[in-house]
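Here, each number is a calculation from the coordinates, and none is a lab measurement. In this text the structure is predicted, and so the values were computed from the model without any measurement. With ideal geometry, Cβ positions are generated from the backbone for all residues, glycine too; neighbour counts draw on all protein chains shown.
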Amino acid sequence: PFNLIFMEEDYYKRSMEGERGISEIKVANNTEYVMFSVPVFKNDKVIGVLQCGYDINVFENLIENSAFNKKGETFVAQNDGILITRPESIGDSTNLFELLSRVESSSEKTLKKLKTKLENGVSGVVQYETGKSKNKRYICYYNIPKCNWYAVTIASESAIDPQAVKIIKASSYLL
């Protein structure tokens, strides 16, 4: 099913230069997948590339979403917002930015800031408020090296605070 012309793809070119590569999401036969590639060496020279494709549904089973007593979600997204993993709790959403824009948020600036950070390969945390009750939520995003993927966790303040208190108490014993 992966009958694409791959030699022009960035992930393949990286492998021809001696590095591992990961593609953007591809679609073939109505299946979304990503390609992984590694260089093949002989006498310290790259002589080819070994690559394989994985259905993105495989990744969903690899991510544990029980953090923060189920008051948060973790998934993998490309820097353009396309979700590599799509937990059931987010419904039919396929893009992080579209998902967040549907949430009644206190500021469009937060979403714009997040987009800019992801596009520029930056890791960090942003805070936003949801609904009329202004419940605080945090988005922690970590750039996965050598690809344009991010590990993203979204959790409510009520889920994070108890964990933070435990860490603060534990660290006070070290002082």
Phi-based couplings in Hz for segment 136-145 (Karplus 6.51, -1.76, 1.60; Gly and Pro marked x): 7, 10, 10, 10, 9, 10, 10, 6, 7, x
Modelled label-to-label distance, E98 and K45, 7 Å Cα→beta-carbon offset: nm? 4.7 nm
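What does the charge count around V34 come to, taking other residues whose C-beta lies under 12 Å from its C-beta (Lys +1, Arg +1, Asp -1, Glu -1)? Could you put the intermediate results ahead of the total?
Values: positive: K26; negative: E9, E24, E32, D55.
Net charge in that neighbourhood comes out at -3.
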Given K13/K109; K71/K113; K13/K115, the pairs whose alpha carbons are separated by over 31 Å: K13/K109
